[in-house]
Every structure is written in C-alpha cells, then in structure tokens.
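**Student:** Supplied in structure tokens, the structure appears directly below.
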Protein chains: 2
Amino acid sequence: MQKIVPNISVDCVIFGFDFKQLNVLLVERKLQDEKTGETLIDDWTLTGYHIFEDEDFDTAAARILKGLSGLDNIYLEQFYAFGKVSRVDSPKDNIWLKHQHEGFSSRIVTVGYYSLIDNSTVTLQLQERNVKWFSITDLPELGFDHQEILNKALEKLRSKLRSEPIGFELLPEKFTLSQLQKLYEAILGTTYDRRNFRKKVLQMKYIIPLNEKQKAVKHKPAQLFIFSRDVYERTKRERFDFSI
Amino acid sequence: MQKIVPNISVDCVIFGFDFKQLNVLLVERKLQDEKTGETLIDDWTLTGYHIFEDEDFDTAAARILKGLSGLDNIYLEQFYAFGKVSRVDSPKDNIWLKHQHEGFSSRIVTVGYYSLIDNSTVTLQLQERNVKWFSITDLPELGFDHQEILNKALEKLRSKLRSEPIGFELLPEKFTLSQLQKLYEAILGTTYDRRNFRKKVLQMKYIIPLNEKQKAVKHKPAQLFIFSRDVYERTKRERFDFSI
DNA sequence: CCAAAAGTGTTTAGTATACACCCATGA
DNA sequence: TCATGGGTGTATACTAAACACTTTTGG
C-alpha cells in the first residue's frame, strides 16, 4: 500500500457523449446515521483521490479514471488547480471526511483533469458505490466544491474545442457528420445549419471519408468518417482572432 | 509569521512588453562555497514561494508579484500545475534547497501563474537579489524546472492571446496601433501587414480612438487608442474554428 | 407508404490577403 | 532635407450565412 500525500488530490471530470448530449460521470455520496438510519448526506461527486507520494499528477488522473471506467490510454487534460482555503468545508463535507477517517489533511488542494471518452466503450466498474452518467443540462446536487470544478472544466473544454480538434475523442473511431455536428452543438450549446456545417468539415483534409456506411439504422444510412490526427498536425495553421 | 505549506508553492511568470519584445522577469540564483569561494550555482529562476496555510493560490500569486514588482491589481492567470515527482531534484537544486534550510518538503508541487504588466509602470523591488528582464528570445540558463514552466506559460499565453483580448494588459492605457501590432508579432512570433492589421483592428468597436496623439516622437505622431473591456464583453461573439 | 435522418447548391455578405506611395515630425 | 515611422485604398480570393427539397432505409 502506497502512502498518500495528505493535502493534494486529483479530481477527474469524466465527459462522455451519447450522440445526443454531453454527459458527466458522477458517484453517489450517501451516508446514513448508523443508529437512527437518518440520511445525513445524499448527493453526487466527481471522482477523485489523493495522489501517492511517488506519483505524478498525470499518473494519478489515469489511475483514477481507470478505477472507474476500466479504460486505459484515454484523453486526459489538466484544466485547473483548486486551492481555496475552505473549498471543502461545508457541514456535509466535514461529516463525510470524518466518516472516511483516512488521515486526510484539513486543507486539501486538488488538481482538476477532464477526460473525454466514447460512452459506448465504457463498462462501469461498479464498485460498492453507485455510479451514473448525468447530462450536463440536468445535474443533481453536487458535493464538495464539485459544481465549481465542473463549471471550470466545461469552460475549458468549450474553449479548447473551439480551437482544437478534440471532439473526436468523444466519438467512436468511425463517425458520421451528423454525430460530429450534434457533438459540437451539445458542447457549445448552439446549433448549426447542416449544409454549412458539412461544407466546412468536408474542407478539412484530416476528416477522411470511408467507403462505408452506417448499418442497421431505420433511415438513410450515413457515410462514415475517421479523424486523422496525423494529417491535422501536418496541415494546421494558426490564426489570431479575438472576435469582433 | 505565517506558517507555510511545505509541499505546495506558486510560481509567477511575469511577462512585460517594452514595445519591441516580450520579456520575462527573472531572479538570479547564485551560491558560492563559503570556504573556497567557488561558484556552486549561478543561474536564473522565476519568482515563487510556498503558499501560507490560510492563503488561496490567487492570493499567493498576487503576494509574490507584489513582492517583486510593487504592483497591485495586476492581470494574473493560473495556467498549469506542475507535479512531477522529481521536478526539483537536480544536484544544483538540492544544493540550493539545502542551503535555504527552511523546512521545505522534498517533493514540492507548484501552481503556475503568469502575469501581464506594462513594463513602464514597474520599479523593481530590488531586494538583496539580482532581478532582471530578459527577452524570451534570449534567455539565460534557468534553474529548477523553470524552463519547462516558462515554456508552458508561453504556450498558454499564446493560445489565450489568439482568442481573447488580453494583450492590452501589456500596454499602457493609451497605445498606438503599431504598438499593438508589435505586441502580437512579438508574442505570436509572426508578422502582419500593417494595412491589413489596422483594417482588422479598426473594425473592433472596443478599440476606441482618442482625440490625442503621441508626443515627443521624432516622426509623424500616431493616434492613441484605448481598449474598452466593457464594450468587448457586450459585443463579443464566439466561433468554432479549429483551423483547416 | 410513412417516419426519420442523409444528402445536396446557390446567392450574398463579409473577411483575408497582397501590395506601394505620401505624410508629419524632430533633428 | 533627411530619417523615421504613420497613415491610407483597391482588387482578388476565400469563407460565412441563409435557405428547401429530394433520397434512402427500416418498419
């Protein structure tokens, strides 16, 4: 058993996309009074854990993600460090931490990572706790300061999505242009004209059409595409454009 | 005297612009053997310090910045947290840390902030140590992992500059369009056609011309402008544009 | 044959790029 | 009067935005 660093943790905001909405994976935090059976806490949190003494942030984030999703080699991006003195200090949080009695420090800073995964590949490692996907438009009450962390993750994800092709991490390897469009719409909270969106995307040489169509859909099957990071890296140009 | 958190620090990358180049403020790290007089260490570092037990990251960054520049209310942006296990573990770093004997932890994580300041407003608080501006194109040897931290700061600054109007933080309140252009060129490492740059900038309603010109220049005096964050916030639009 | 989503083209407005000459000031 | 940087316009190519009908499939 490795020793943990008592005052530093990593929290993972795990995003998934189900072709309709952007979802986030949350873990239920539930605690009942042992004698009275009264519910002391019942809310949801992101997944996080303390880092180990000989562990980098990136490694800790990958470990936490794997523990929950079973997945390796997933897109993970460090987006912000949270260090407010009383970021975890509500009555509920204190009850919870006391109940855990793992020798955590009273002041914990946390480094936030978000991960992007293709929903369809995940089989949740349902440990003893309740784990569920929630649409970012319909979230339950969150424990600790996790609402704030999630808000920041979303803000950073949106900003990165606008300037880099990271959306593909949320899709299967082969995807349709409508799926890609819905992804952008779901994350950026907007809508695009289908013809204009297709025109724009089809100009991008790194979105490559396959000789293959969707199967088993009850409508006209769409063409499938793959994203080539390789072509992207070789052809990208940079712009400056703080909008008017 | 407040108690420090032994394993968490904040490092500030202080950027300044002198109308020619982007500069960064560094502090000399020099150590001589007390007996032989031999120079054990002579390199430069960013400014950083441990956080106090009852201090937020933002507050610590502002404190560190003020300690060096004397300035308050400066643009500060948290850009990344560095947590590699042996990020501060070279022979030089160990000699230095031993010499400081302040009870720091052997594993220190650091949260990086960059600040943008108008060079002309700074009077360096020259404490007992040597503090100097260096052009980012002509840097000395950096101690600890500060080259890596600086690289990341630059990367994040460039990316933010491309999509948000933060460059004005590096200029005096009243500036000319040529100064603005040189700023973008210096940070993004490129050049722009003067006519096209002016056309683009003059369309931006939040860059407001004044009835005022440069004085005491030995060429045709340029018109002065101010940036209005207020107008910017009211008129900005968002785009999605991972370049082709 | 119906429902559902795929696929397609044109027009107009706006933005990006390339490029060269005259102007105002201080020394 | 010279050196220095300020200020300006046009043509062409490209990109963005608005907008409606037909096609393919499974049920």
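**Student:** Straight-line reach from A:K20: which aspartates and glutamates have Cα under 18 Å away, leaving out those fewer than 8 places along the same chain?
**Tutor:** A:D118, A:D138, A:E169, A:E173, A:E185, A:D193
**Student:** Still on this structure: Output ³J(HN,Hα) for the stretch B:81-98: one whole-Hz value per residue in order, computed from phi by the Karplus curve 6.51 cos²θ - 1.76 cosθ + 1.60 with θ = phi - 60°, and x for Gly and Pro.
**Tutor:** 10, 10, x, 4, 4, 10, 5, 10, 8, 6, x, 4, 4, 5, 4, 4, 5, 5
**Student:** Please report, as a whole percent, how much of the solvent-accessible surface of the stretch A:4-163 comes from carbon and sulfur atoms (probe radius 1.4 Å).
**Tutor:** Carbon and sulfur together cover 48 percent of it.
**Student:** Now for a separate question. Counting only protein heavy atoms and rolling a 1.4 Å probe, how much accessible area do A and B lose on contact, total for both sides, in Å² to 100? Before the final figure, lay out each step's value.
**Tutor:** On the way: alone 14740 and 14700 Å², together 25370 Å².
When A and B are taken together, about 4100 Å² of accessible area is lost.
**Student:** Okay, next question. Tell me, what is the FRET efficiency for A:T36 and B:E102 to the nearest 0.05, using R0 = 60 angstrom and their Cβ-Cβ distance as r? Each step should come with its number before you reach the end.
**Tutor:** On the way: r = 49 Å, r/R0 = 0.82.
Efficiency for this residue pair is about 0.75.
**Student:** Taking a cut-off of 12 Å between Cα atoms, list the aspartates and glutamates near A:K160, but don't count ones fewer than 8 places away on the same chain.
**Tutor:** Result set, ordered by chain and number: A:E77, B:D241.
**Student:** Near the amide H of A:Y192, under 5 Å away, which other amide H atoms are found, from residues 5 or more places off or on another chain, if H is placed in the peptide plane?
**Tutor:** none
**Student:** Something else now. Rounded if a/c is under 1.5, else prolate if a/b is larger than b/c, else oblate: which is the stretch B:121-244, with a ≥ b ≥ c the root eigenvalues of its Cα gyration tensor? If you can, show how the numbers build up before the last one.
**Tutor:** On the way: a/c = 1.95, a/b = 1.30, b/c = 1.49.
In terms of gyration-tensor shape, oblate.
**Student:** Tell me the trypsin sites (Lys or Arg not before Pro) within the stretch A:97-133 that lie in a loop according to DSSP and have at most 16 other beta-carbon atoms within 10 Å. It would help to have the intermediate numbers written out before the result.
**Tutor:** Details: sites: A:K98, A:R107, A:R129, A:K132; in loops: A:R107, A:R129.
Sparse-neighbourhood loop trypsin sites (Lys or Arg not before Pro): A:R129.
**Student:** Given R₀ = 22 Å, FRET efficiency for B:K218-B:N119 by Cβ-Cβ distance, to 0.05?
**Tutor:** After rounding to 0.05, the efficiency reads 0.55.
**Student:** In peptide A:187-195, how many Cβ atoms from other protein chains are near each Cβ within 10 Å, on average?
**Tutor:** Mean shielding by partner chains, rounded to a whole number: 1.
**Student:** With the crude spin-label approximation of a point 7 Å out along Cα→Cβ, what separation in nm comes out for A:T59 versus A:K20?
**Tutor:** 4.1
**Student:** Hey, what's the stretch A:4-163 come to in accessible area per residue, 1.4 Å probe, Å²? Please list the in-between numbers first.
**Tutor:** Details: 7280 Å² over 160 residues.
Here the per-residue accessible area is 46 Å².
**Student:** Then there's this: Taking the highest mean first, how do the peptides A:207-216, A:85-94, A:148-157 order by number of other beta carbon atoms within 10 angstrom per residue? Could the numbers behind the result be given before it?
**Tutor:** Details: A:207-216: 11.2, A:85-94: 15.1, A:148-157: 18.6.
Top of the packing list down: A:148-157, A:85-94, A:207-216.
**Student:** Can you tell me the convex hull volume per residue for the stretch B:1-108, based on C-alpha atoms, in Å³ to the nearest whole number? Each step should come with its number before you reach the end.
**Tutor:** Numbers: hull volume 15.7 nm³, N = 108.
Normalising the Cα hull of the stretch B:1-108 by residue number yields 146 Å³.
**Student:** Here's something else I'd like to know. Could you give the length gained on full extension between A:R129 and A:T190, defined as 0.36 nm per residue of separation minus the Cα-Cα distance, in nm? Please list the in-between numbers first.
**Tutor:** Values: separation 61, 0.36 × 61 = 21.96 nm, distance 3.47 nm.
Result for the pair: 18.5 nm of gain on full extension.
**Student:** So which lysines can B:K199 reach, going by Cα to Cα under 20 Å and dropping same-chain residues fewer than 8 places off?
**Tutor:** Within the straight-line limit of under 20 Å, B:K199 reaches these lysines: B:K174, B:K182, B:K213, B:K220, B:K236.
**Student:** Across the residues of A:235-241, average count of Cβ atoms on other protein chains within 10 Å? Before the final figure, lay out each step's value.
**Tutor:** Details: counts 2, 3, 2, 7, 5, 12, 6.
Other-chain Cβ atoms within 10 Å of each residue's Cβ, averaged: 5.
**Student:** What is the Å³ per residue value for the convex hull set by the Cα atoms of chain B? Present the calculation step by step, with values, prior to reporting the outcome.
**Tutor:** Working: hull volume 43.0 nm³, N = 244.
Normalising the Cα hull of chain B by residue number yields 176 Å³.
**Student:** Can you pull the one-decimal nm distance between simple spin-label points at A:S159 and B:S178, each 7 Å off the Cα toward Cβ?
**Tutor:** Taking the two extended label points, one gets 3.3 nm.
**Student:** Between rounded, prolate and oblate, where does the protein assembly as shown land on the alpha carbon gyration tensor, with a ≥ b ≥ c its root eigenvalues, rounded for a/c under 1.5, else prolate if a/b exceeds b/c? Can you show the working numbers first?
**Tutor:** Working: a/c = 1.88, a/b = 1.10, b/c = 1.70.
Oblate.
**Student:** Peptide B:80-90: average number of partner chain Cβ atoms within 10 Å per residue? Before the final figure, lay out each step's value.
**Tutor:** Numbers: counts 6, 13, 5, 13, 5, 8, 2, 1, 0, 0, 0.
Counting Cβ atoms of other protein chains within 10 Å of each residue's Cβ and averaging gives 5.
**Student:** A follow-up question, please. Go through the stretch B:211-226 residue by residue and turn each phi into a ³J(HN,Hα) via Karplus (6.51, -1.76, 1.60, θ = phi - 60°); whole Hz please, and just put x for glycine and proline.
**Tutor:** Values per residue, Gly and Pro as x: 7, 7, 10, 3, 10, 6, 10, 8, 8, 3, x, 8, 5, 9, 10, 10 Hz.
**Student:** Let me ask something additional. Calculate one ³J(HN,Hα) per residue across the stretch A:192-203 by plugging θ = phi - 60° into the Karplus curve 6.51 cos²θ - 1.76 cosθ + 1.60, and present them in order as whole Hz with x for glycine and proline.
**Tutor:** 10, 5, 5, 5, 5, 4, 5, 4, 4, 5, 5, 6
The values are calculated or read from the model by the stated rules, or taken from the named source; none is laboratory data. Note that the structure is a prediction, hence the values are computed from the model and not measured. In this analysis, Cβ positions are derived from the backbone assuming ideal geometry, glycine residues included, and neighbour counts consider all displayed protein chains. When the accessible area is computed, the model is the full protein with side chains, heavy atoms only, and any ligands, DNA or RNA have been set aside. Shrake-Rupley method; radii C 1.70, N 1.55, O 1.52, S 1.80 Å.
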